[in-house]
Amino acid sequence: MIDLQQAGAGLSGYSMLAAQLESLLADERDFIANSAQFSAFLFNELPDLNWAGFYLNRNEELVLGPFQGKVACVRIPFGRGVCGAAARTLETQRVEDVHAFPGHIACDSASNSELVVPLVKDGRLIGVLDLDSPKLARFKEEDQSGIEQLAAIFLRLTDC
Ligand code: SME
């Protein structure tokens, strides 16, 4: 049994989450298992989220992967909405007000802000990690860098 408190002892904020995630994923490299765990970990450890999960690159289209939250749109073309923009540009999209984002796809009307991190391993886009919040401007710069670090841990510890 992994002791997540023990894994993060003496650390704070995203450093603690990073230590906990390292511990959570240490004994398994399976993509489905680790992406499901990572979604649940983010959804339960980060405050003010209403959705956390994956869209996976399937022939230049994003297809819904493991997630926590309400049922969501299944397929998103590259370039559409916030997730599609992250997939096309390979840059993290941090959106303070999704209603002002051109082409935003409203899967859940409760969502007001969003952070989408492209997941690139060995030069290949695996998919994107999508976090939604009911709070406007929920994600600050420190959240972006912290969550990008968590995504890098996930990619390093997972077979993709
Ligand atoms: N809002 C996203 C779609 C995915 S859902 O939020 C889960 C977007 O515009 O890409």
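The values are calculated or read from the model by the stated rules, or taken from the named source; none is laboratory data. Remember, predicted model here, so these are calculated numbers, not experimental data. Glycine also receives a Cβ, built like all others from the backbone with ideal geometry; neighbour counts cover every protein chain displayed.
Laid out as a table, the results:
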quantity: Exclusive hit being more than 14 Å from the ligand (Cβ to nearest atom), surrounded by fewer than 19 Cβ atoms within 10 Å (Cβ to Cβ), at pLDDT below 95 and not aromatic (Phe, Trp, Tyr), set Glu60, Glu22; calculated: Glu60
quantity: Among the candidates Val74, Val95, Val82, residue that is in contact (Cβ under 8 Å) with a residue 12 or more places away in the chain and more than 8 Å from the ligand (Cβ to nearest atom); calculated: Val95
quantity: Members of the range 65-84 that are in contact with a strand residue (DSSP E or B) (Cβ under 8 Å, 6 or more places away or on another chain), of a type in the set (A, V, I, L, M) and surrounded by fewer than 19 Cβ atoms within 10 Å (Cβ to Cβ); calculated: Ala72, Val74
quantity: Residues satisfying the stated conditions in the range 104-124, i.e. surrounded by fewer than 15 Cβ atoms within 10 Å (Cβ to Cβ), more than 7 Å from the ligand (Cβ to nearest atom) and not in a strand (DSSP E or B); calculated: Ser109, Ala110, Asp122, Gly123
quantity: All positions within the range 126-156 that are of a type in the set (A, V, I, L, M, F, W, C) and part of a loop (DSSP other than H, G, I, E, B); calculated: Leu136, Ala137, Phe139
quantity: Test: residue in the range 29-41 that is near the ligand (Cβ under 10 Å from one of its atoms) and farther than 16 Å from Leu150 by Cβ; calculated: no
